[in-house]
Amino acid sequence: MMDDVACPVLSNITLQDSYHKIIFDAPHIAASAKPGQFVHVEVDDTTEHVLRRPFSICDADAETGHLTLIYKVVGEGTAKLAKKPAGETCRILGPLGTAYQYKDDVFPVIAAGGFGSVSTMFLAKKTPRPGIIFMGARSKHDVLLVEEYRKLGWQVEIATDDGSEGFHGLITTLLLNHTNDFPAETKIFGCGPAPMLYALIKTVAPLKFPCDVSMEQHMGCGVGACFACVIKVKDPTSPDGWRYSRSCKEGVVYPSTEVYCG
Ligand SMILES: Cc1cc2nc3c(=O)[nH]c(=O)nc-3n(C[C@H](O)[C@H](O)[C@H](O)COP(=O)(O)OP(=O)(O)OC[C@H]3O[C@@H](n4cnc5c(N)ncnc54)[C@H](O)[C@@H]3O)c2cc1C
Ligand code: FES
């Protein structure tokens, strides 16, 4: 069930560089949130930032009612959020969107680009057993939550564009180098920038492992009313084989086979 509630900030700290972690008291959202879903946060209650900002649910604890988000300061909205002290509130709409799908015997393999590892952290906590996460980042300064994944028993493999940590190259190349380690019950989960996800979809297609991808687009309303967030999905009933899908409502998580890659 979706709620729009004023949620008190419990803490809001700097994690590393421009990455911050904010914890809200949001029992209604925490009770029903599923891995892959997101929330839409009103960063400011003035007319300056009328649009809310979407953030993946990094963790949601139904017992404590705590909702954790990790965000990078990239513009005005996230800069405002970084200044929110404990005790202030933000209206939060959520949980929104679709969730990652998996069976009880799944061997999870995550491909997370940039701050994608934030979105998949909740998944890593909920899957029946730990798996392998491939993290792709520009440099070692953008690699997030490595120790948190390791504490959950996950094998962490890192690829950086500049070679400052782990494999020097693309996350898709690193993943392909490890496919012999994947058992038959493997499912792949992808989250990250669109170009990385389109590359991942093409990379996994011949592997025959199922794959879900989290297509995080720029958003307006977050609830299916404005069409700001559309992506192309396959549609065999349409003359050209595809249609536009509002990712905030039909996604943001899609089976990789449904996403139109051209
Ligand atoms: C479903 C979803 C989940 C997200 N989860 C997270 C998360 O867990 N942590 C996190 O840090 N960010 C996340 N984002 C991105 C986050 O919403 C944006 O960074 C934020 O809205 C930027 O707001 P701003 O006002 O600070 O920046 P703006 O001034 O709006 O934009 C600053 C810069 O960021 C870029 N930007 C804005 N939105 C996006 C986007 N959706 N994708 C890529 N670039 C964008 C703009 O093009 C611009 O270059 C998510 C986005 C979506 C759609
Ligand atoms: S953001 Fe408005 S329809 Fe998706």
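The values are calculated or read from the model by the stated rules, or taken from the named source; none is laboratory data. The shown structure was predicted, so the numbers you read here are calculated from the model rather than taken from an experiment. All Cβ positions, even for glycine, are placed from backbone atoms using ideal geometry, and neighbour counts span all protein chains on display.
Quick check on ILE158: is it in a strand (DSSP E or B), at pLDDT 95 or above and surrounded by 14 or more Cβ atoms within 10 Å (Cβ to Cβ)? When the stated conditions are applied, ILE158 passes them.
Yes/no matrix, rows are residues, columns are (1) free of Cβ contacts under 8 Å to residues at least 24 places away in the same chain; (2) surrounded by 15 or more Cβ atoms within 10 Å (Cβ to Cβ); (3) β-branched (Val, Ile, Thr); (4) more than 16 Å from ligand 1 (Cβ to nearest atom):
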| site | (1), (2), (3), (4) |
| --- | --- |
| ARG150 | yes, no, no, yes |
| GLY163 | yes, no, no, yes |
| HIS178 | no, no, no, yes |
| ILE201 | no, yes, yes, yes |
| LYS249 | no, yes, no, no |
| CYS261 | no, no, no, yes |
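Of all the residues in the range 221-261, those that are out of contact with any strand residue (DSSP E or B) (no Cβ under 8 Å at 6 or more places or on another chain) and either away from ligand 2 (no atom under 16 Å from the Cβ) or acidic (Asp, Glu) (or both) number 6. The residue of the range 204-220 that is nearest to ligand 2 (Cβ to nearest atom), among those that are surrounded by fewer than 13 Cβ atoms within 10 Å (Cβ to Cβ) and assigned to a loop (DSSP other than H, G, I, E, B), is HIS218. The single condition from (1) within 16 Å of ligand 1 (Cβ to nearest atom); (2) among the small types (Gly, Ala, Ser); (3) over 18 Å from the mean Cα position of the chain (by Cα) that GLY192 fails is (3). Being under 14 Å from the mean Cα position of the chain (by Cα) and either modelled with pLDDT of 95 or more or in the same structural domain as HIS66 (by TED's automatic domain parsing) (or both) is a description that applies to ALA111. Figure legend. Inter-residue proximity from the range 227-240: first residues free of Cβ contacts under 8 Å to residues at least 24 places away in the same chain and assigned to a loop (DSSP other than H, G, I, E, B), second residues more than 16 Å from ligand 2 (Cβ to nearest atom) and not β-branched (Val, Ile, Thr), beta-carbon distance below 7 Å, spacing 6+ or different chains. Indicated pairs: ASP235/GLY241; ASP235/TRP242.
Residue by residue through the range 52-106, note down the ones that are closer than 30 Å to PRO183 by Cβ, hydroxyl-bearing (Ser, Thr, Tyr) and buried (at least 23 other Cβ atoms within 10 Å of the Cβ). Residues satisfying the conditions are SER56, TYR100.
Checking each residue of the range 121-130 against the condition of being crowded, with 20+ Cβ neighbours inside 10 Å, polar (S, T, N, Q) and either modelled with pLDDT under 95 or assigned to a loop (DSSP other than H, G, I, E, B) (or both) gives at least one match. More than 8 Å from ligand 1 (Cβ to nearest atom), among the hydrophobic types (A, V, I, L, M, F, W, C) and in contact (Cβ under 8 Å) with a residue 40 or more places away in the chain: does that describe VAL109? Yes.
For LEU176, are the conditions met, namely being of a type in the set (A, V, I, L, M) and within 20 Å of the chain's Cα centre (by Cα)? Walk me through how you get there before you give the answer.
Values: of a type in the set (A, V, I, L, M): yes; within 20 Å of the chain's Cα centre (by Cα): no.
So LEU176 does not fit the description; no.
Taking the range 13-115 as the region of interest, the strands (runs of 3 or more DSSP E) fully inside it that hold 3 or more residues being within 16 Å of ligand 2 (Cβ to nearest atom) are 38-41, 53-56, 89-96.
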